[in-house]
Amino acid sequence: MKVARGLLAVLAVLALASCSDSKKDAGGAPSTAPSAPSATPTVAESSSIPTASTPSLTPLPTPSKPWPTPTVTGAPADDAPLAERITFAIAKKTQLAAGKAATTTVKCPGIDKVETAGQHNLDCTVTYSGKPFTGTLTVDAKQYSASYKFTSPKIAIARAKVVDAVLRTAAGASKVTCDMDEIGIVVHDGPGIGCDVTTTANAVQPYRASITGDGDVVVKQA
């Protein structure tokens with residue numbers, strides 16, 4: 001009986017020890033296992049990147065005087081044949097409208113007969129500075145006088161004259177580029193010539209230059 005009581009006592013001690021261990025695991029000191037290292041915050045370097053400055057462009061001078069009237073030479077004598085005087089008059093008008101004196105020829109087949117009384121309608125080809133365009137010549141000849149009229153849907157114009165007109169309209173222009181050759185043959189009173197104006201602030205603005213039948217240049221912003 002003493003042995004049985006001793007065995008029961010040992011079992012009781014073991015049971016208590018077992019309970020004691022469980023309580024330490026559940027409610028004892030927290031685990032000291034190392035946690036995952038936190039990332040060290042980095043401080044971004046503050047560096048300023050300089051931005052490219054917009055270049056300041058030099059303005060072109062605004063024309064202060066009217067476009068100069070070209071001097072046309074080669075006028076025939078007052079008593080020259082009518083055909084010579086008419087062809088020179090057409091050539092002169094072409095150069096004045098273009099805004100620049102240049103070699104100009106006028107070919108009108110049959111013009112040698114215009115001194116004969118009556119009305120004459122002729123097809124003509126005008127070549128200005130190597131650029132041709134066509135038109136119609138009407139001559140009304142009388143015994144002691146004659147009148148004529150030359151008409152054409154096209155007209156010759158110098159690029160320099162167009163640029164000059166654009167500069168008079170576009171304030172603060174540093175560059176003018178027009179979509180035409182040095183000498184242009186254009187339809188007068190038509191859609192006009194496109195020009196781009198670069199301002200002193202380096203901005204590009206579109207303009208359009210319309211040409212009248214007399215060679216006047218009318219510029220508007222497109």
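Extension gain for residue 146 to residue 179 (0.36 nm times residue separation, less C-alpha to C-alpha distance): 7.8 nm.
For segment 156-222, what's the relative contact order in percent, using C-alpha pairs closer than 8 Å and at least 6 residues apart? Let's see the in-between values first.
Working: 126 pairs, mean separation 20.3, N = 67.
Result for segment 156-222 is 30 percent.
One decimal place: the segment residue 205-residue 115 gains 27.1 nm when fully extended, by the rule 0.36 nm per residue minus the C-alpha distance.
The alpha-carbon of residue 113 sits under 19 angstrom from the alpha-carbons of these aspartates and glutamates, leaving out residues fewer than 8 places away in its chain: 78, 79, 84, 123, 140.
Which aspartates and glutamates does residue 161 reach when only Cα atoms under 18 Å apart count, and residues fewer than 8 places away in its own chain are ignored? Qualifying aspartates and glutamates at Cα under 18 Å: 179, 181, 182, 189, 196, 214, 216. Annotation note: chymotrypsin sites (Phe, Trp or Tyr not before Pro) in segment 121-151 located in DSSP loop regions with a Cβ neighbour count of at most 16 within 10 Å are 144.
DSSP loop (so not H, G, I, E, B), at most 11 other Cβ within 10 Å: list which trypsin sites (Lys or Arg not before Pro) in segment 98-172 pass both filters.
Numbers: sites: 100, 107, 113, 142, 149, 154, 159, 161, 168; in loops: 100, 142.
Listed in order of number, the matching sites are 142.
In this structure, the residue pairs whose Cα-Cα separation is over 23 Å, taken from 131/220; 100/142; 65/100; 65/149, are 131/220; 100/142; 65/149.
When you restrict to C-alpha pairs under 8 Å that are six or more residues apart and normalise by the size of segment 90-165, the relative contact order lands at 29 percent.
FYI, it's all coordinate maths here, none of it is from the lab. Computed from a prediction, not measured in an experiment: that's the story for all the values here. Methodologically, a virtual Cβ is constructed for each residue, glycine included, from the backbone with ideal geometry; neighbour enumeration extends over all protein chains shown.
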